[in-house]
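Down below is the structure, laid out as structure tokens.
Where a number appears in this text, it was derived from the coordinates with a stated rule and is not lab data. No experiment lies behind these values; they were computed from the predicted model shown. We place every Cβ from the backbone using ideal geometry, glycine too, and count neighbours over all the protein chains shown.
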Amino acid sequence: MSSNHEIPSYLTPHGLGPWGNYLEQIDRVTPYLGSLARWVETLKRPKRILIVDVPIERDNGTIAHFEGYRVQHNLSRGPGKGGVRFHQDVTLSEVMALSAWMTVKNAAVNVPYGGAKGGIRVDPKTLSKGELMRMTRRYTSEINIIIGPNKDIPAPDVNTNEQTMAWMMDTYSMNQGSTATGVVTGKPVSLGGSLGRRDATGRGVYVIGCEAASKRGMQIHGARIAVQGFGNVGGVAARLFAEAGARIVAVQDHATTVVHEGGLNIEKLLAHVAANGSVEGFEGADCFIERDQFWGVDCDIMIPAALEQQITSANASQIKAKIILEGANGPTTPAADDILHDMGVLVVPDVIANAGGVTVSYFEWVQDFSSFFWHEDEINERLTRIMREAFAAVWQVGQDNKVSLRTAAFIVACTRVLQAREVRGLYP
Ligand SMILES: NC(=O)c1ccc[n+]([C@@H]2O[C@H](COP(=O)([O-])OP(=O)(O)OC[C@H]3O[C@@H](n4cnc5c(N)ncnc54)[C@H](O)[C@@H]3O)[C@@H](O)[C@H]2O)c1
């Protein structure tokens, strides 16, 4: 794959990771970009990468250093937008890919942002709350030079939440000398956050899932669903599907996989995770299965909502679902995409399926600028409309060009990004 691409000196050709998958996805869309294809190289290079050292004093008096990143992939259509991840496996390649998928996602749903992403290579479970706060504040200070309400607006991602955003907003505001609520989204509602933001990504997965199911003539009521990742995205999506009468037959998180043939009680499982940190030990399960067995669970819809590169050529052929809804970013490798396509599985790509979060983040940013806050019904209604319209447009492009929904979403998005690039012209 890498032979088609110039690999920057800061990555090794054999260690391209998720960035390599993203480059392959760009190769697949290039033949459909017409004359805009002459600008496609711009999508294969992040505009700006900031790598920072994040030192903190631990509670025991020792000094710890963490690797921190903020990558702005493309700013042609507006300020950068994308989450911040705290995870022990964060790498530059991963943050680059996640920032690029944000460029594509923001353009696919037509919110006026470029793509960005950040992360710290740390297992936050090993830190106390005080250590977590000091690390978040130091990281925010270090990336302060490139973020801002008109420059780049972070949001929550894996292992970050409303509290993280409140610390980031406070740190940025202290450095500026004035309160700047619009510098991050996903804040607590008491601090300029938006109603509906916490559930927005999972709600978007649900809305898109209903659209995809109707295209396949599938009823949500009674459908069997398996969910990987039971955090902000997977937990909310599971709850909404269960409320609509679906049976959540399996849930996998970082610790284990729970199965219940008749459908797990999602309210009880959410309460169990809130109290215990994982689904492990849940009493309302039929059984617990091995990690790899999750992919072969008998289900109609599968929702990967944990990390990238989960569905690979090694497990794709075991999948029984007819629809895959990508709640996570980049969960399916290009090789697995091909296998699933041949099996007739409808893969609804991340850049549409999980775009509900950034859509309500956009609403939050708009509300912060105008200091005028909307009702939750209004937010959910606008979210649902944007998601349905984006899905319908991508579906149509897929039909017209006889391509997968992923390539169709990339056609819509990359065309928008490169049109902006072309009409702005190259500086100087
Ligand atoms: N939070 C958002 O608004 C948002 C928006 C768009 C996309 N996403 C994407 O959704 C995914 C999940 O994000 P989140 O915000 O729900 O994170 P989260 O931290 O709230 O939850 C992550 C979940 O994944 C599980 N998990 C971690 N490692 C796992 C493994 N190896 N196998 C199985 N499960 C594992 C965790 O136990 C947890 O249940 C990520 O890919 C993220 O980039 C998040």
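Structure above, values below:
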item	result
Peptides 233-242, 353-362, 52-61 ordered by average Cβ neighbours within 10 Å, highest first	353-362, 233-242, 52-61
Spin-label model distance (nm) - residue 369 vs residue 320, 7 Å beyond Cα toward Cβ	4.9
Using θ = phi - 60° and Karplus 6.51 cos²θ - 1.76 cosθ + 1.60, couplings along the range 119-124 (whole Hz; Gly, Pro as x)	x, 10, 7, 7, 8, x
Equivalent ellipsoid dimensions for the range 99-252 as semi-axes, Å, which come from the Cα gyration tensor, largest first	33, 18, 13
Radius of gyration, Dmax [the range 1-121; alpha carbons; angstrom]	16.0, 60
Sites residue 45 and residue 275, calculated FRET efficiency, Cβ-Cβ separation with R0 51 Å, nearest 0.05	0.65
Rg(Cα)/(2.2 N^0.38 Å) for the chain, N = residue count	0.93
Amide H within-cut-off set for residue 84, under 5 Å, with H built and near neighbours excluded	118, 155, 157
Karplus-derived 3J(HN,Hα), 6.51/-1.76/1.60, for each residue of the range 91-99, Hz, glycine and proline x	9, 4, 4, 5, 5, 4, 5, 4, 5
Segment residue 401-residue 174, length gained on full extension (0.36 nm per residue, minus Cα span)	76.6 nm
Rotationally averaged projected area of the range 46-180 (alpha carbon convex hull; nm²)	7.7
Share, in percent, of DSSP beta bridges within the chain that are antiparallel, nearest 5	50
Links that overshoot a 18 Å alpha carbon limit, given the list 47/151; 125/187; 44/402; 81/105	125/187; 44/402
Using a Förster distance of 60 Å, the FRET efficiency for residue 267-residue 335 (Cβ separation, nearest 0.05)	0.95
DSSP bridge pairs, the range 198-353: antiparallel proportion in percent, nearest 5	30
Highest-first arrangement of 99-110, 415-426, where packing means the average Cβ count within 10 Å	99-110, 415-426
Protection proxy ranking of 327-336, 218-227, 133-142 - average other beta-carbon atoms within 10 Å, highest first	327-336, 133-142, 218-227
Mean ellipticity per residue at 222 nm, deg cm²/dmol - from DSSP H runs of n ≥ 4 across the chain, formula -39500 (n - 2.57)	-13500 deg cm²/dmol
Diffusion constant of the range 198-353 at 37 °C, which comes from Stokes-Einstein with the Kirkwood Cα-pair radius and 0.692 mPa s, µm²/s	218
